[in-house]
Amino acid sequence: MRSGAKVGIVGGVFVVVASGVAYGGYNLWNGVTGGSQDVGTRSAPKTGPVTAEEVAATSRDFLAAWAAGEAEEAGRLTNDPVTAGPAIAAYREGAGVSEATITAGTPTGTVVPFTVKATVTYDGVSKPWTYASKLSVVRGESTGRPLVKWTPTVLHPKLTAGATLRTGTAKAPPVKAVDHKGIALPPEKYPSLAPVLDALRQRYGGKAGGEAGVETWIESANGTPSSTLLVLSAGKPGELRTTIDAGVQAAAEKAVKEFPTAAVAAVEPSTGAIRAVANNPASGFNTAFQGKQAPGSTMKIVTAAMMMRYDVAGPDSRVECPPTVRWEERTFENLDRFTTNGDLTNAFARSCNTAFIKAITPLKGKGVHNTALGDTARKWFGIGEVWSAGVSTQDGNVPESAGSETAASYIGQGKITMNALNMASVSATVKNGAFRQPYLIPKDVDGREFAEAEPLPGEVARGLRKMMNAAATETHGTALRAMSGVPSPKGAKTGSAEVADQEANSWFTGYSGDLAAAAVVEAGGHGGDAAGPVVAAVLKAG
């Protein structure tokens, strides 16, 4: 072992210290990880699960080689040395890591957690950098040797395939985001905004008048910065005004924390301005904007609009709601196989699946049953158009269907995918009577075009508001309990979307005054039980 690296066992925990910009060399242990055994005497490759001893020794050797800057040797201790070696080398060179201490924790089976305490240096400026990650040990398929299973997250938990760590002058100046009233939106206070603000910085930082500082960031394969990991020297932030409302955002942040996995978005119907977006967990994937999930019975808002468009039924039309209905090879049923008598408003308020599926029969006679829902979603609700919100969002999708998938799509299942922002916009369109594309940054900042749709015909808009109000206010309305304390005028729709091998996802969308919102709670069950209170809390704050 050379003097540039130190290795030892401290209190039963393995510690590696590699110091100096050049990283000292390091001689790996032989033994359980391979060594220089003569080929002629080598026995057949070992098989079976890796042992605890192999996990400990392999992780020890790998972390030691990494900390010592021996990228090629560290790569050889993985099951993908061609990818791992260069990635480990880039860690030191691209990120400017001048010193590293790696402390391994207690293994859990084949998984070994560890903590990295590094020093990043650039242009004479140094800053400590600490984070946690983990690795797992597997048996090599051809050699039988225990090896670290290579994945970029070994180097850093946010690193993805093709991405690299970089340290230098940031590609975009920092921004100080404020809400539509000028109130500051620090991510420490509004954690769900952290990934959104990072995306806004990369897109609009150069337009906000700030000055770039020196940072460590993750750079994607196409050269685009994503996550800032460390700030060595702060730049001068420019101010960027968003459409967020600080009060509504605070309520949204609090509401989603009641559930392990939840997302909510709020939109102003009269303008399309996004007033809140919140996710739990707050960091990582922005489900509220980028999710692609079946929306369940909240889709009945669009289905009802389709029924009125094609003269199948209106809010006062008498409809059948049997316990079950068969469409081609599949039987659909209501919750607990309930049945009810009355008009479409009653069926909507009670969320009768069968009444909406029976709408297929007259549409089939017109030859539009497989396309009518998607055409209506695009024509009046802007679903299927390309939205330009100012940050990346996932557009809703209502594709052409066939067979039993057509019936499933009428109640928000099948191939339909939506997210909270999409469904908040659906409610906003009903309340306003016309689609206004949701946006976080005004279009005049960069001259982008907004998606457009035809206004709802007056009779259709009034009919949808009547049905959504019934769901939120009438005795048998599925949204009654959640919306009981929400100010009028109001309307809502519940939904639950079936997901394989788990409890149904809970969906809810509604409006109150000039604010509309939608939420999804993973494995939350009935829409009114989980997602409903999230939406209600946001609407009350509007």
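Could you check how many residues of segment 376-414 are within 21 Å of Ser427 (Cα to Cα) and of a type in the set (D, E, K, R)?
Counting residues in segment 376-414 that are within 21 Å of Ser427 (Cα to Cα) and of a type in the set (D, E, K, R) gives 4.
Out of all the residues in segment 313-348, which are out of contact with any strand residue (DSSP E or B) (no Cβ under 9 Å at 6 or more places or on another chain) and within 18 Å of Leu464 (Cβ to Cβ)?
Thr345
Quick one: in segment 175-211, of everything that is of a type in the set (Val, Ile, Thr) and over 18 Å from Val231 (Cβ atoms), which residue is nearest to the chain's Cα centre (by Cα)?
As a first pass, look at segment 175-211 and keep what is of a type in the set (Val, Ile, Thr): 175, 178, 183, 196.
Then drop every residue that is not over 18 Å from Val231 (Cβ atoms), which leaves 178, 183, 196.
Values: Val178: 23, Ile183: 26, Val196: 11 Å.
Across segment 175-211, the extreme among qualifying residues is Val196.
Give the residues of segment 47-87 that are among the hydroxyl-bearing types (Ser, Thr, Tyr), in a helix (DSSP H, G or I) and crowded, with 24+ Cβ neighbours inside 10 Å, sorted by residue number. Don't jump to the end; show me each part of the working.
Initially, segment 47-87 is screened for residues among the hydroxyl-bearing types (Ser, Thr, Tyr), giving 47, 51, 58-59, 78, 83.
So of that shortlist, the ones also in a helix (DSSP H, G or I) come out as 58-59, 83.
Selection gives Thr58, Ser59.
Return the residues of segment 381-412 that are among the polar types (S, T, N, Q), over 24 Å from Ala461 (Cα atoms) and in contact with a strand residue (DSSP E or B) (Cβ under 9 Å, 6 or more places away or on another chain); say none if nothing qualifies. So that I can check it myself, show each step before the final result.
Kept after step one, since they are among the polar types (S, T, N, Q), are these residues of segment 381-412: 388, 392-394, 397, 401, 404, 406, 409.
Within this subset, residues satisfying the condition of being over 24 Å from Ala461 (Cα atoms) are 388, 392-394, 401, 404, 406.
Those that are among the polar types (S, T, N, Q), over 24 Å from Ala461 (Cα atoms) and in contact with a strand residue (DSSP E or B) (Cβ under 9 Å, 6 or more places away or on another chain): Ser388, Gln394, Ser404, Thr406.
Regarding Glu253, is this residue more than 30 Å from Ser126 (Cα to Cα) and assigned to a loop (DSSP other than H, G, I, E, B)?
Working: more than 30 Å from Ser126 (Cα to Cα): yes; assigned to a loop (DSSP other than H, G, I, E, B): no.
For Glu253, the condition - more than 30 Å from Ser126 (Cα to Cα) and assigned to a loop (DSSP other than H, G, I, E, B) - is not met.
Name the single residue, out of those in segment 88-107 being in contact with a Ser or Thr (Cβ under 9 Å, 6 or more places away or on another chain) and among the hydroxyl-bearing types (Ser, Thr, Tyr), that is surrounded by the most Cβ atoms within 10 Å (Cβ to Cβ).
Among those that are in contact with a Ser or Thr (Cβ under 9 Å, 6 or more places away or on another chain) and among the hydroxyl-bearing types (Ser, Thr, Tyr), it is Tyr91.
Scan segment 457-514 for residues that are among the hydroxyl-bearing types (Ser, Thr, Tyr), closer than 18 Å to Ala255 by Cα and either modelled with pLDDT under 95 or surrounded by fewer than 16 Cβ atoms within 10 Å (Cβ to Cβ) (or both) and jot them down.
Residue satisfying the conditions is Ser484 alone.
Take the conditions among the hydrophobic types (A, V, I, L, M, F, W, C), touching a residue at least 40 places away in the same chain (Cβ under 8 Å), surrounded by fewer than 22 Cβ atoms within 10 Å (Cβ to Cβ) and over 30 Å from Leu240 (Cβ atoms) and apply them to Val398. Does it pass?
Values: among the hydrophobic types (A, V, I, L, M, F, W, C): yes; touching a residue at least 40 places away in the same chain (Cβ under 8 Å): yes; surrounded by fewer than 22 Cβ atoms within 10 Å (Cβ to Cβ): no; over 30 Å from Leu240 (Cβ atoms): yes.
No.
Considering segment 213-236 alone, what residues qualify as being part of a loop (DSSP other than H, G, I, E, B) and buried (at least 18 other Cβ atoms within 10 Å of the Cβ)? Even if it seems obvious, please write down each step before you answer.
Step one: list which residues in segment 213-236 are part of a loop (DSSP other than H, G, I, E, B), which gives 213, 220-224, 234-235.
Of everything in segment 213-236, those that are part of a loop (DSSP other than H, G, I, E, B) and buried (at least 18 other Cβ atoms within 10 Å of the Cβ) turn out to be Gly213, Gly235.
So the check is Cβ under 6 Å with 6+ separation or different chains; which pairs have a first residue in segment 332-356 that's touching a residue at least 12 places away in the same chain (Cβ under 8 Å) and small (Gly, Ala, Ser) and a second one that's in a loop (DSSP other than H, G, I, E, B) and surrounded by 18 or more Cβ atoms within 10 Å (Cβ to Cβ)?
Taking only residues 6 or more apart or on different chains, the pairs are Ala347/Cys321; Ala349/Gly477; Ser351/Thr478; Ala355/Cys321.
Within segment 335-359, can you find the residues that are outside any helix (DSSP H, G or I) and either in contact with a Gly (Cβ under 8 Å, 6 or more places away or on another chain) or buried (at least 22 other Cβ atoms within 10 Å of the Cβ) (or both)? Before you say what the answer is, go through the steps one by one.
Looking only at segment 335-359, we keep the residues that are outside any helix (DSSP H, G or I), and these are 338-343, 350-352, 358-359.
Arg350, Ser351, Cys352, Lys358, Ala359, listed by residue number.
Restricting to segment 140-171, count the residues that are under 21 Å from Gly223 (Cα atoms), part of a loop (DSSP other than H, G, I, E, B) and over 24 Å from the mean Cα position of the chain (by Cα).
2
Looking at Ala523 and the list (1) closer than 21 Å to Asn353 by Cβ; (2) in contact with a Ser or Thr (Cβ under 6 Å, 6 or more places away or on another chain); (3) not in a strand (DSSP E or B), which single condition is not satisfied?
The failed condition is (2).
Do any residues in segment 516-542 that are under 19 Å from Lys292 (Cα atoms) and free of Cβ contacts under 8 Å to residues at least 40 places away in the same chain have Cβ atoms under 6 Å from those of residues that are part of a loop (DSSP other than H, G, I, E, B) and charged (D, E, K, R), where the two are at least six apart or on different chains, and which pairs are they?
Close Cβ pairs satisfying both conditions: none exist.
Kindly establish whether Leu373 is among the aliphatic types (A, V, I, L, M), modelled with pLDDT of 95 or more and in contact with a Pro (Cβ under 8 Å, 6 or more places away or on another chain). Break it down stepwise before answering.
Details: among the aliphatic types (A, V, I, L, M): yes; modelled with pLDDT of 95 or more: yes; in contact with a Pro (Cβ under 8 Å, 6 or more places away or on another chain): no.
No: the conditions fail for Leu373.
How many residues does segment 423-461 contain that are farther than 15 Å from Gly510 by Cα, touching a residue at least 60 places away in the same chain (Cβ under 8 Å) and outside any loop (DSSP other than H, G, I, E, B)?
4
Does any residue of segment 507-514 turn out to be assigned to a helix (DSSP H, G or I), out of contact with any Ser or Thr (no Cβ under 7 Å at 6 or more places or on another chain) and over 23 Å from Asn353 (Cβ atoms)?
Taking segment 507-514 first, the residues assigned to a helix (DSSP H, G or I) are none.
Scanning segment 507-514 turns up no residue that is assigned to a helix (DSSP H, G or I), out of contact with any Ser or Thr (no Cβ under 7 Å at 6 or more places or on another chain) and over 23 Å from Asn353 (Cβ atoms).
If a residue has to be crowded, with 21+ Cβ neighbours inside 10 Å and not aromatic (Phe, Trp, Tyr) to count, how many in segment 186-196 make the cut? It would help to see each step written out before you state the result.
Going through segment 186-196, the residues crowded, with 21+ Cβ neighbours inside 10 Å turn out to be 190, 192-193, 195-196.
If we keep only those that are not aromatic (Phe, Trp, Tyr) as well, we get 192-193, 195-196.
Result for segment 186-196: 4.
The values are calculated or read from the model by the stated rules, or taken from the named source; none is laboratory data. None of these values were measured; they are calculated from a predicted model. Reconstructed Cβ throughout: ideal geometry from the backbone, glycine too, with neighbour counts over all protein chains shown.
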